[in-house]
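Engineer: The structure under discussion is supplied below as structure tokens; questions concerning it will follow.
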Amino acid sequence: MFLFIPADNFFLLLSVAWSSVCRRRHEGECHLTCFVSGSHELVHETRSHTRSSGEEEGKIGKGKQKAENGGRDSEQQQASKNKKAKVEGENRDGNGEPASDVAAEFEEFCKTTRLHLSINEMRRILEANEQDPSGSEDAVVPRCQDMMFYGRLEQCPVCHNQMDCSGSNYQCRGAYSEWSTCIYTTTDAPRIDRPVKIPEWIGDETVKEWIKKKASRRYPRRKLTSSNKPFAGLMISLSGRLSRTHQAWREKIEKHGGKVSNNIIGANCLVVSPAERERGGSSRVGEAMETNIPVVSENWLIDSIQKQQAQPLDAYDVVSDIVPEGRGIPWEKMDPNEEALESLTAELKLYGKRGVYKDSMLQEQGGFIFGKDGILYNCAFSLCDQGRGINEYCILQLIQVPEKNVHLYYKKGRVGDDPKADERVEEWNNEDDALKEFVRLFKEVTGNEFETWERENKFQKMHLKFYPIDMDDGIDVRHGGLSVRQLGVAAAHCKLEPLVANFMKVLCSQEIYRYAMMEMGYDSPDLPMGMVTDRHLRRCEEELLKFREDLKKAPDSSDEGDALWLDFANKWFTLMHSVRPFILKNFHELADHVAAGLECIRDINVASRLVGDMTGATIDDPLSDRYGRLGCSVAPLDKESDDHKMILKYLDTTYEPIEVGGVTYGISVENIFAVESGAGPSYEEVKKLPNKSLLWCGTRSSNLIRHLQKGLLPSVCHIPAPGYMFGKAIVCSDASAEAARYGFTAVDRPDGFLLLAVVSLGEQITEMSTAPDDAKELEEEKVSVKGLGRKKPDESQHFKWADDVKVPCGRLVASEHNSDRPLEYNEYAVYDPKQVCMRFVVAVKYEEQNEVVMAVE
């Protein structure tokens, strides 16, 4: 049974009660233990209900008179301030009272409720009004006070969970999905225009008297005003060429409450330009990393100002994987010692399903993963929830040590914060007890049963619980491969032609895979993303495709749209564990960091299975052995041959220097190899098809093994961004400049590869200057598409090569009506892999042409 309290009389009577209580405390008649300063703990002991009815009625009468005169007083104040009428109107509540008076009344109300209501009673009041009664006292007290004074809050419009007042805004901290915490905020939350319910058993004589007084006044309106000072208390340092001058950013930062320092020491963070990753990191970046100061992108400033709240630094981190000396070391200058790999990334601690986690130290005792009934008791987990600032991993293993008992190893920690990780190794005398503890921990971490996951691959993600990374039974190439220098000896004694041996040396080395995973942000040393199951990769692809469909049905509301992007980002960076997750915002980020990242990890997994474990040196000629597994013939072209000269001319005329961070890079050819993959169609088959062209394909070095072994395969999905805008197609270009963008990595990694493929475009070609809304029809009809770029090779210089293959060679010139085209160079999309034959691999080196020295502000 509930009683209803009219808003104005409830506040009025609480004020009366407060005056009465103060008087009786002075006279020794009332014995209340109030909130203790600092702890805010209320001990609700006894109340005295004795009072003079005449005196109380007099006080109530005065209160009524004041309430009745409130509207007239407001009118008089407004009439005396005509020049500020609009401002005054904006600063009054729904009853016409000044916002300052309402705020003062609310403050007094809060003091009174602390005297008359215990924490337990506040929880019951919240519960009676279908509001969240959970949480600490610091959460319950302001939530209850806000509701009783201003009215019940409506649910979050995005996830329909509880809204809370944080003081500067209203926040939703409910679950948007099993993957994500909602991050919706507002300064003006809607209220439910109904009286607050009070359980009858809570009321004493004072409360009962309050309830008897009826009133028709509305709840006052509470609109929080943000201080618009997201950088308050922060010291920020700037580095490099940003989108604005340092002085402009200094003024912006100071306007929003922060300070700018020219020194790294004492700064809360260092803001850098995107070019820092390509340039390898400046000396200032190195200094920041040495002192553990976060290094973030310029978007952190932009988003913090836009959202009027400092965003989590972790979400904008750009160098968690960079050491102060730089992002990498050129192959020819790398120290033979394996410690040189530390310049690329930390040592891999877990290489696959049979790998004993390095920090357990049990592998040094001959420990191995315990197995029983076909199950290996080795699990790795990931959890990313950027709404809560969570990016964590977990390792759970049963390890058998020879001539000793089974050991349980458990580690859970935040990515990049190893010293604070929860870690333990326990030896169990009883094997069954160890198995039970393993199963118990699995359920504690994930909310799922171990047997259901391991045997049936059934798993239901739970909010704020980990998701398993499905490791495969193999060895991550970052662990199984050797360094280039270590493979130098193998190349010197290899039976292959020397140039081919050196080519295989590069493909089997750790560096290109370590660097690629570092570049994409998937290089955590704790989880073997280079050795996951095909099932796990399919799950990632399915989630990407599902998200693309969800975007087509996305609501117009920007808040709901933002929540959808955030939810997918959390899902993606949980499945594809990343050292630097961030909130995805647009299709270009989806293409560059998700689709390309999936293809990169997929191809590195192919390389891991081909390279295997080369550390044991049990094979006399490991490079020849891996070349045999490749299933592809590779032969160097004679530099005096017509084919070699033709390719040099084609590359030279269709190349434009790449500009990164104010520095431009040219390109030179090291070697050219003729290739014939056993997986795709042969050249003899393709040359019989109509309308053939020799076109460029871009590739990372880490993707090359898969191309050679499996042939060129279509893109994973349709995204309206270069490389993916025509759907699941094999995409090529008639400009080597376009392919070179994929091969280029950074100034300290100058080596790369370009591919040349003979492509049959078919009898019919569809020309497009913009991305199609939906590529399904193109994928089904398998009609080739030519995407028109802003630049194209001069058609007067095109010529025919052998077997009537056209070479679209020519200096790049501006296309007609090119201003609004999203593509810079022409792209060709082919949907049937049988129409594409990889013909040449061009090994290149990127060379710095000029350097712009940026002035330090």
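Engineer: In region 581-623, what residues are of a type in the set (S, T, N, Q), crowded, with 16+ Cβ neighbours inside 10 Å and more than 25 Å from residue 727 (Cα to Cα)?
Structural biologist: Hit for region 581-623 is 608, nothing else.
Engineer: Here's a follow-up. Just give me the residues in region 684-732 being over 29 Å from residue 547 (Cα atoms) and aromatic (Phe, Trp, Tyr), in sequence order.
Structural biologist: Matches in region 684-732: 696 only.
Engineer: Name the residue that is surrounded by the fewest Cβ atoms within 10 Å (Cβ to Cβ), counting only residues in region 629-657 that are within 27 Å of residue 495 (Cβ to Cβ) and of a type in the set (D, E, K, R).
Structural biologist: Among residues in region 629-657 that are within 27 Å of residue 495 (Cβ to Cβ) and of a type in the set (D, E, K, R), the one surrounded by the fewest Cβ atoms within 10 Å (Cβ to Cβ) is 640.
Engineer: Then there is this: Six or more apart or on different chains, Cβ under 7 Å: which pairs go from a residue in region 112-141 that's under 22 Å from residue 173 (Cα atoms) to one that's in a helix (DSSP H, G or I) and among the basic types (Lys, Arg)? Could you list them?
Structural biologist: 126/143; 131/143; 133/123; 140/123
Engineer: Any residue in region 517-539 that is closer than 10 Å to residue 602 by Cα sitting within a Cβ distance under 6 Å of a residue that is among the basic types (Lys, Arg) and crowded, with 24+ Cβ neighbours inside 10 Å? List the pairs, counting only those 6 or more apart or interchain.
Structural biologist: Hits for this filter: 530/478.
Engineer: Of the residues that sit in region 225-249 and are touching a Leu at 6+ places or on another chain (Cβ under 7 Å) and in a helix (DSSP H, G or I), which one is modelled with the lowest pLDDT?
Structural biologist: Out of the qualifying residues, it is 246.
Engineer: Continuing with this model, one more query. Determine, yes or no, whether residue 341 is within 21 Å of the chain's Cα centre (by Cα), in a helix (DSSP H, G or I) and either at pLDDT 85 or above or more than 19 Å from residue 380 (Cβ to Cβ) (or both).
Structural biologist: Answer is no for this residue.
Let's see how each residue does on (1) closer than 30 Å to residue 477 by Cα; (2) in a helix (DSSP H, G or I); (3) not polar (S, T, N, Q):
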residue: 584; (1), (2), (3): yes, no, yes
residue: 590; (1), (2), (3): yes, yes, yes
residue: 596; (1), (2), (3): yes, yes, yes
residue: 599; (1), (2), (3): yes, yes, yes
residue: 607; (1), (2), (3): yes, yes, yes
residue: 620; (1), (2), (3): yes, no, yes
residue: 626; (1), (2), (3): yes, yes, yes
residue: 656; (1), (2), (3): no, no, yes
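Engineer: Whether any residue in region 160-169 is surrounded by fewer than 17 Cβ atoms within 10 Å (Cβ to Cβ) and on the phi > 0 side of the Ramachandran plot is what I want to check.
Structural biologist: Looking for residues that are surrounded by fewer than 17 Cβ atoms within 10 Å (Cβ to Cβ) and on the phi > 0 side of the Ramachandran plot, one finds at least one in region 160-169, hence yes.
Engineer: Are any residues in region 111-154 closer than 17 Å to residue 222 by Cβ and assigned to a loop (DSSP other than H, G, I, E, B), and if so, which ones?
Structural biologist: Result: 129, 131, 151, 154.
Engineer: Suppose the filter is within 28 Å of the chain's Cα centre (by Cα) and of a type outside the set (A, V, I, L, M); does residue 644 pass it?
Structural biologist: no
Engineer: Quick one: which residue in 735, 729, 721, 775 is small (Gly, Ala, Ser) and under 21 Å from residue 702 (Cα atoms)?
Structural biologist: So the residue among 735, 729, 721, 775 that is small (Gly, Ala, Ser) and under 21 Å from residue 702 (Cα atoms) is 729.
Engineer: Does residue 167 meet the test of being modelled with pLDDT under 85 and of a type in the set (Gly, Ala, Ser)?
Structural biologist: When the stated conditions are applied, residue 167 passes them.
Engineer: Specify the residue that is nearest to the chain's Cα centre (by Cα); the eligible residues are those in region 475-494 that are assigned to a loop (DSSP other than H, G, I, E, B) and modelled with pLDDT under 95.
Structural biologist: 481
Engineer: Would you check which residues across region 457-511 are under 15 Å from residue 616 (Cα atoms), in contact with a strand residue (DSSP E or B) (Cβ under 7 Å, 6 or more places away or on another chain) and aliphatic (A, V, I, L, M) and list them?
Structural biologist: 482, 487, listed by residue number.
Engineer: Given the criteria free of Cβ contacts under 8 Å to residues at least 40 places away in the same chain and of a type in the set (Lys, Arg), does residue 495 qualify?
Structural biologist: no
Engineer: Condition check: modelled with pLDDT under 85, of a type outside the set (A, V, I, L, M), outside any strand (DSSP E or B) and within 28 Å of residue 307 (Cα to Cα). Does residue 177 satisfy that?
Structural biologist: no
Engineer: A further question on this structure: Evaluate the following for residue 626: is it within 19 Å of the chain's Cα centre (by Cα), of a type in the set (Lys, Arg) and crowded, with 18+ Cβ neighbours inside 10 Å?
Structural biologist: So residue 626 fails the test.
Engineer: Out of all the residues in region 443-498, which are of a type in the set (Asp, Glu) and touching a Leu at 6+ places or on another chain (Cβ under 7 Å)?
Structural biologist: Hit for region 443-498 is 476, nothing else.
Engineer: Among the residues of region 462-508, which ones are aliphatic (A, V, I, L, M), in contact with a helix residue (DSSP H, G or I) (Cβ under 6 Å, 6 or more places away or on another chain) and more than 29 Å from residue 526 (Cα to Cα)?
Structural biologist: 490, 491, 496, 501
Engineer: Out of curiosity, is residue 516 under 23 Å from residue 706 (Cβ atoms), buried (at least 21 other Cβ atoms within 10 Å of the Cβ), out of contact with any Gly (no Cβ under 7 Å at 6 or more places or on another chain) and at pLDDT 95 or above?
Structural biologist: no
Engineer: Still on this model: Can you name the number of the only condition in (1) in a helix (DSSP H, G or I); (2) touching a residue at least 60 places away in the same chain (Cβ under 8 Å); (3) surrounded by fewer than 17 Cβ atoms within 10 Å (Cβ to Cβ) that residue 668 fails?
Structural biologist: With respect to (1) in a helix (DSSP H, G or I); (2) touching a residue at least 60 places away in the same chain (Cβ under 8 Å); (3) surrounded by fewer than 17 Cβ atoms within 10 Å (Cβ to Cβ), residue 668 is out only on (1).
Engineer: Of the numbered conditions (1) assigned to a loop (DSSP other than H, G, I, E, B); (2) assigned by TED's automatic domain parsing to the domain that holds residue 538, residue 638 fails exactly one; give the number of that condition.
Structural biologist: (2)
Engineer: Let me ask another. Output the number of residues of region 712-744 satisfying the condition of being surrounded by 20 or more Cβ atoms within 10 Å (Cβ to Cβ), of a type outside the set (A, V, I, L, M, F, W, C) and not in a helix (DSSP H, G or I).
Structural biologist: 8
Engineer: Okay, next question. Tally up the residues in region 395-423 that are over 22 Å from residue 312 (Cα atoms) and part of a strand (DSSP E or B), please.
Structural biologist: Qualifying residue count for the region: 14.
The values are calculated or read from the model by the stated rules, or taken from the named source; none is laboratory data. Remember, it's a predicted structure, so these values are computed and weren't measured experimentally. Positions of Cβ are backbone-derived with ideal geometry, glycine not excepted, and every protein chain shown enters the neighbour counts.
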